[in-house]
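S.K.: Okay, handing you the structure first.
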Amino acid sequence: MTRLRYLTAGESHGPQLTAIVEGCPSRLPLAADDIDRDLRRRQLGYGRGGRQAIERDAVALLSGVRYGLTTGAPITLVVENRDHANWGDTMAVGEPALRSEPLRVPRPGHADLGGALLYDLDDLRDVIERASARETAARVACGAVARRLLAEIGCRVYSHVVEIAGVAAGCAVDEEQLQRADDDPVRCLDPQASAEMQAAIDAAGKRGDTVGGLFEVVAYGFPPGVGSYAQADRRLGGRLAAALMSINAIKGVEVGLGFAAAATPGSEYQDEIAYDPRRGYHRLTNHAGGIEGGISTGEPIVLRAAMKPIATLMHPLASVELDTHRPVEAHVERSDVCAVPAAAVVGEAAVALTLASAALARFGGEALGDFSGAVAAFKARIAKR
């Protein structure tokens with residue numbers, strides 16, 4: 001089965017982040033600029049910490065692309081960590097002249113304790129470096145490749161922030177508005193809510209606290225008939241939910257109307273079906289979020305994700321030292337106050353990667369023309385039904 005898959009490697013303060021994308025069809029136009037745009041967007045957002053002032057993320061394409069076109073071979077992507085220069089001995093691969101003092105106090109809400117117990121580690125630095133959200137820069141790079149592939153079949157993926165610290169946006173949005181989300185400091189399309197969100201972030205920062213929120217990812221133009229009801233692991237909604245849940249600090253996912261559907265009568269929730277020669281089969285509403293029975297409907301795919309407050313606090317919470325079990329305050333690592341706007345961009349990448357992989361599994365094609373041609377042929381077939 002043809003599918004797009006990826007692997008990432010690297011530590012937060014190591015020399016670089018490395019990613020390999022496999023399964024991308026040949027002859028797809030791809031340039032570093034296609035990827036750098038999303039890397040820059042990931043670094044935006046009100047409430048980000050000092051790390052963003054150090055890094056200027058840009059990708060190096062090291063394999064799988066020649067003369068501006070993918071070759072069908074695995075694509076290697078590298079993003080340099082500029083901050084590595086300040087972490088020489090601490091992140092040394094070999095034995096350094098002087099080892100750094102091991103970190104032995106896990107932070108509540110992080111992978112610190114679980115990772116140390118899982119891998120039998122004596123220094124929490126080994127967990128912190130890989131569990132860090134810095135890894136999402138590599139994921140965004142991979143997602144940009146998927147986004148470029150989806151564009152060839154008319155699919156566009158956007159995101160926006162709908163809530164931070166309990167302040168919720170109150171406006172409906174369309175594709176034209178979503179294209180302007182990056183113009184706002186918190187990527188919110190409701191100006192009044194945006195101002196209140198920024199004030200809430202400022203207040204949390206002054207308290208030494210952090211805040212979370214909700215973001216929405218919307219994919220337009222994805223073809224119908226992708227996914228399956230036949231097996232659980234092929235259901236498109238399940239795959240998309242898993243992709244969003246794999247992002248650091250995400251604790252909940254909704255598809256379409258989501259949890260509100262539980263309080264909605266069936267007569268009001270179900271999306272009635274219509275047909276016209278120009279649009280073919282379509283829904284009169286989109287409460288299902290573009291997915292029914294595990295299969296895409298052709299309507300916009302709408303997903304929301306809930307991000308918990310960032311776990312590192314400037315006024316640390318109670319913890320326990322490894323092995324001694326001595327009660328102490330948690331270790332403080334440099335952190336953001338709010339990363340919901342950035343997480344939304346990571347969410348775009350997660351959705352794009354999942355949709356691209358699902359589309360390749362459905363339509364196949366080792367070369368771009370075979371893939372896009374199969375999508376066009378399917379659309380032509382169902383238009384006659």
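The values are calculated or read from the model by the stated rules, or taken from the named source; none is laboratory data. Keep in mind it's a predicted model, so treat the numbers as computed, not measured. We place every Cβ from the backbone using ideal geometry, glycine too, and count neighbours over all the protein chains shown.
S.K.: Tell me which residues, restricted to the stretch 240-260, are in a helix (DSSP H, G or I) and surrounded by fewer than 17 Cβ atoms within 10 Å (Cβ to Cβ).
M.R.: Scanning the stretch 240-260 gives A242, M245, G258, F259, A260.
S.K.: Between a residue in the stretch 128-148 that is farther than 17 Å from R37 by Cα and any residue that is in a helix (DSSP H, G or I), which pairs come within a Cβ distance under 7 Å, given they are 6 or more apart or on different chains?
M.R.: Correct list of pairs: I128/D112; A131/G115.
S.K.: A further question on this structure: When you check E196 against the structure, is it of a type in the set (D, E, K, R), outside any loop (DSSP other than H, G, I, E, B), farther than 30 Å from V78 by Cβ and within 19 Å of the chain's Cα centre (by Cα), yes or no?
M.R.: no
S.K.: Further, regarding this structure: Which condition number in (1) closer than 30 Å to A367 by Cα; (2) within 21 Å of the chain's Cα centre (by Cα); (3) in a loop (DSSP other than H, G, I, E, B); (4) not hydroxyl-bearing (S, T, Y) is the one that G225 fails?
M.R.: In the conditions (1) closer than 30 Å to A367 by Cα; (2) within 21 Å of the chain's Cα centre (by Cα); (3) in a loop (DSSP other than H, G, I, E, B); (4) not hydroxyl-bearing (S, T, Y), G225 misses (2) alone.
S.K.: Of R235, R279, which residue is over 23 Å from the mean Cα position of the chain (by Cα) and not aromatic (F, W, Y)?
M.R.: Answer to the check: R279.
S.K.: Continuing with this model, one more query. Restricting to the stretch 170-193, and then to whatever is aliphatic (A, V, I, L, M) and over 21 Å from the mean Cα position of the chain (by Cα), can you tell me which residue is modelled with the highest pLDDT?
M.R.: So, considering only residues that are aliphatic (A, V, I, L, M) and over 21 Å from the mean Cα position of the chain (by Cα), the one modelled with the highest pLDDT is A193.
S.K.: Can you pull out the residues in the stretch 13-38 that are touching a Phe, Trp or Tyr at 6+ places or on another chain (Cβ under 9 Å) and over 16 Å from C142 (Cβ atoms)?
M.R.: H13, G14
S.K.: Another question, if that's okay. Please tell me if A305 is closer than 21 Å to C188 by Cβ and either aliphatic (A, V, I, L, M) or at pLDDT below 95 (or both).
M.R.: So A305 fits the description; yes.
S.K.: Would you kindly identify the strands (runs of 3 or more DSSP E) lying entirely within the stretch 282-385 that contain at least 2 residues that are surrounded by fewer than 15 Cβ atoms within 10 Å (Cβ to Cβ) and out of contact with any His (no Cβ under 6 Å at 6 or more places or on another chain)?
M.R.: Answer list for the stretch 282-385: 327-329.
S.K.: Quick one: would you say T285 is of a type in the set (V, I, T), in contact with a Pro (Cβ under 6 Å, 6 or more places away or on another chain), modelled with pLDDT of 95 or more and within 27 Å of A181 (Cα to Cα)?
M.R.: no
To keep it simple, each residue is scored yes or no on (1) under 30 Å from A344 (Cα atoms); (2) modelled with pLDDT of 95 or more.
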residue: D83; (1), (2): yes, no
residue: G94; (1), (2): no, no
residue: R99; (1), (2): no, no
residue: P108; (1), (2): yes, no
residue: V127; (1), (2): yes, yes
residue: E135; (1), (2): yes, yes
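S.K.: Could you tell me how many of the residues in the stretch 131-171 are in a helix (DSSP H, G or I) and surrounded by fewer than 17 Cβ atoms within 10 Å (Cβ to Cβ)?
M.R.: 1
S.K.: Further, regarding this structure: Give the residues of the stretch 83-127 that are small (G, A, S), without any contact (Cβ under 8 Å) to a residue 40 or more places away in the chain, more than 18 Å from G10 (Cβ to Cβ) and in a helix (DSSP H, G or I), sorted by residue number.
M.R.: G114
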